[in-house]
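Here is the structure we will look at, set down as structure tokens.
The values are calculated or read from the model by the stated rules, or taken from the named source; none is laboratory data. Everything numeric here is computed off the predicted structure, so don't read it as measured data. FYI the Cβ positions are ideal-geometry reconstructions off the backbone, even for glycines, and counts take in every protein chain you see. Keep in mind that these areas ignore ligands, DNA and RNA; they rest on the heavy atoms of the full protein, side chains included. Shrake-Rupley method; radii C 1.70, N 1.55, O 1.52, S 1.80 Å.
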Amino acid sequence: MLKEKISKIEFIDLQAQRHALKHSIPGVLERVLEHGAFILGPEVKTLEEKLTAYTGAEETITCSDGTDALRLLLLAKQVGPGDAVFVPSFTFASTAEVIAQANATPVFIDVCPITFNMDLQSLEQAIKTLDKSLKPKGIIAVDLFGLPANYPAIHQLAEQHQLWVIADSAQSFGGGYQDKKVGNLATMTSTSFFPSKPLACYGDGGAIFTNDKELANVIRSLRNHGCGQHRYDHIHVGMNSRLDTMQAAILIEKLAIFPQERARREQIATLYRQELPDNLQLPSMMPDYTHAWGLYTVVCPEGVRDALMQHLQECHIPSNVYYRKPLHLQPAYQHYPRAAQQLAVTEKISQQVLSLPMHPYLSDEQVAYISQCVKSYFKA
Ligand SMILES: Cc1ncc(COP(=O)(O)O)c(C=O)c1O
């Protein structure tokens with residue numbers, strides 16, 4: 001196949017999506033400009049209702065971003081000094097950052113080599129060997145690259161040890177397990193609407209989902225300076241973490257096309273599975289799980305990733321590595337406890353993972369071209 005026939009391949013194509021929405025977005029932004037309720041305006045409430053209907057969670061609270069969604073949950077759970085919270089090391093910094101900022105202790109857990117999500121044995125080992133000076137409080141599981149973590153098993157373990165569970169679903173909005181969607185898989189869920197996420201706004205945005213009405217009311221107060229019934233009553237020490245009305249208006253439009261976009265991501269993942277060579281470990285298609293395909297991440301054979309990336313670049317194909325250095329080896333986090341001295345799977349796969357272009361506007365021809373270029377690397 002000739003490269004000349006393929007239009008430019010983007011890693012995530014926000015312009016193609018913008019084009020698809022060009023008739024709706026300007027109008028909804030104009031409406032916000034007209035009514036002028038820029039903070040907690042009517043679109044925020046509408047979006048929360050629509051997100052509740054989509055996810056099946058009983059309560060949705062939008063907020064400034066996915067990091068604040070985690071922060072608000074920790075604030076509501078009163079996490080503080082002396083508390084330990086278990087997190088995978090193979091994740092974005094936010095998952096652990098919010099724990100450290102609460103002056104609590106993140107405890108790093110290894111991941112499963114197939115799903116890239118929290119490994120249950122490593123989690124159990126960390127709980128059992130936790131330093132006696134720390135109080136185990138909760139678990140933040142991450143749905144890495146869009147595949148939900150094993151919440152039934154995580155909740156079971158959490159119950160045995162009286163821990164709460166937060167799903168960091170920043171990368172997995174649209175995913176699910178059996179007949180339930182992300183937002184309704186864990187007792188508390190956070191997500192992000194950062195521009196590159198499966199459901200994304202044109203700036204920062206985030207949300208919290210829960211079935212716990214009381215918790216939802218506390219978080220609604222916390223995101224708005226801890227206010228009570230009246231705006232200038234303060235019943236909690238809160239923060240400012242509200243989703244802008246403009247971003248809510250954009251998200252309402254993007255949510256309307258989200259089911260088709262998610263279905264197209266699934267088709268692209270299936271095409272990749274058919275066409276990529278078996279030199280690569282492809283992402284798992286687990287029975288019962290719905291992958292959100294936030295990222296399409298393969299595991300390369302040892303020692304070939306950088307050369308393959310270079311080859312793809314020469315073929316004008318962008319690729320990225322999430323994450324080159326796991327958190328427990330980062331200068332800011334290396335002094336925190338971990339399940340074992342070495343988090344062997346995390347350390348190994350962080351050297352080998354590679355994310356290929358994944359967005360709903362990739363054509364079949366582009367996926368075939370990407371796959372052919374990967375094949376040509378291994379044939380050379
Ligand atoms: C796993 C994970 N958690 C949390 C976040 C934080 O989201 P935000 O950028 O909206 O603060 C991200 C964002 O990339 C993420 O990937």
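Quick notes
- The per residue volume of the convex hull around the alpha-carbon atoms of the chain is 136 Å³.
- Stretchable slack from Ala93 to Gln330, in nm (0.36 nm times residue separation minus alpha-carbon distance): 84.4 nm
- Counting only Cα atoms, the size of segment 25-146 along its three principal axes is 58, 34, 25 Å, in decreasing order.
- Dmax and Rg, reported as Rg then Dmax, of segment 269-334 (C-alpha, Å): 14.4, 41
- Candidates per GluC sites (Glu not before Pro) in segment 271-375, loop by DSSP, up to 13 other Cβ within 10 Å: Glu302
- For segment 275-380, the list of trypsin sites (Lys or Arg not before Pro) that fall in a loop by DSSP and count at most 13 other C-beta atoms within 10 angstrom reads Arg324.
- Distant-in-sequence amide H partners of Gly174 (H built 1.01 Å from N, under 5 Å): Val182
- Carbon/sulfur fraction of accessible area - the chain, other protein chains in place, 1.4 Å, %: 51
- Protection proxy ranking of 152-162, 28-38, 101-111, 216-226 - average other beta-carbon atoms within 10 Å, highest first: 101-111, 216-226, 152-162, 28-38
- The chain, relative contact order in percent, only Cα pairs under 8 angstrom and at least six apart counted: 23
- Segment 166-229 - Kirkwood radius from inverse mean 1/r over Cα pairs (Å): 12.6
- Residues with amide H under 5 Å from that of Val142, placed H, sequence gap 5 or more: Met118, Asp168
- FRET efficiency estimate (nearest 0.05) - Cβ-Cβ, Phe38 to Val321, R0 30 angstrom: 0.20
- Solvent exposure of segment 1-143 as accessible area per residue, Å², 1.4 Å probe: 45
- Counting only protein heavy atoms and a 1.4 Å probe, segment 306-369 has 46 square angstrom of accessible area per residue.
- Estimated from helices alone, the mean residue ellipticity of the chain at 222 nm is -11500 deg cm²/dmol (sum of -39500 (n - 2.57) over DSSP H runs with n ≥ 4, per residue).
- Per DSSP, loop trypsin sites (Lys or Arg not before Pro) in segment 225-263 with at most 10 further Cβ within 10 Å: Arg231
- Calculated FRET efficiency for the pair Gln341/Lys379, C-beta based, R₀ 35 Å, to 0.05: 0.30
- Positive-end ranking of Ser190, Phe108, Ala380 along the dipole of the chain, with charges on Cβ about the Cα centre, is headed by Ala380.
- Globularity index of segment 96-207 is 1.09 (Cα radius of gyration / 2.2 N^0.38 Å, N = number of residues).
- Here the chain carries DSSP beta bridges of which approximately 55% are antiparallel, counting only pairs with both residues inside.
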